[in-house]
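The values are calculated or read from the model by the stated rules, or taken from the named source; none is laboratory data. Computed from a prediction, not measured in an experiment: that's the story for all the values here. Quick reminder, even Gly has a Cβ in these numbers, built from the backbone with ideal geometry, and neighbours come from all protein chains shown.
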């Protein structure tokens, strides 16, 4: 496939993902996995998990960071640009429309009901993405212990999530010494 055609396809796919996926970054991950890993084979599941970890660790909106990493992996810096613009364009358009009509939508009971329904389906989408990615993301006993400890820290404490991510980084470095990614499976 020619580079220009592939860039346009990356833009269109990301715009479609941005247009039809609700619930924030985590629900979009499942769509990226479907499009770029399962359907087209442009990325591996391991790349997707690595980029997801990096995207969450960088400042800014996680899903925009994720789109930049994915676009870069597929087509370099220009691919990163096309992916980020494609993903964010539908949201920017929707925000512009909602802002324009905000006063008439604010008290609309039907809008409230629609949003309640959308919020309800986001949770299973996120859980499904997590279950599909667990084989790649969680390798070995150490990873399971880090997962359980970080989950408990998230649920039972008010610790800043960035501190929990840093603790996972330190745990991986200190406790996983001498293990390559192949040794952890």
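In the stretch 174-184, which residue that is exposed (fewer than 10 other Cβ atoms within 10 Å of the Cβ) and under 20 Å from residue 51 (Cβ atoms) is modelled with the highest pLDDT? Looking at residues that are exposed (fewer than 10 other Cβ atoms within 10 Å of the Cβ) and under 20 Å from residue 51 (Cβ atoms), I get 180.
Yes/no per residue for (1) over 17 Å from residue 42 (Cβ atoms); (2) loosely packed, with under 14 Cβ neighbours inside 10 Å:
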residue: 64; (1), (2): yes, no
residue: 70; (1), (2): no, no
residue: 77; (1), (2): no, yes
residue: 86; (1), (2): no, no
residue: 90; (1), (2): yes, no
residue: 99; (1), (2): yes, yes
residue: 102; (1), (2): yes, yes
residue: 110; (1), (2): yes, yes
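Restricting the first residue to the stretch 19-32 and requiring it to be not assigned by TED's automatic domain parsing to the domain that holds residue 86, which pairs with a second residue that is modelled with pLDDT of 80 or more meet a Cβ separation below 6 Å and a spacing of at least six or different chains? Final answer for the pair search is none.
Applying the criterion of at least 3 residues that are closer than 21 Å to residue 33 by Cβ and modelled with pLDDT of 85 or more to the helices (runs of 4 or more DSSP H) found wholly in the stretch 60-170 leaves 62-105.
Failed condition for residue 56, given (1) closer than 23 Å to residue 130 by Cα; (2) in contact (Cβ under 8 Å) with a residue 60 or more places away in the chain; (3) more than 13 Å from the chain's Cα centre (by Cα), with all others met? Of (1) closer than 23 Å to residue 130 by Cα; (2) in contact (Cβ under 8 Å) with a residue 60 or more places away in the chain; (3) more than 13 Å from the chain's Cα centre (by Cα), only one is false for residue 56: (3).
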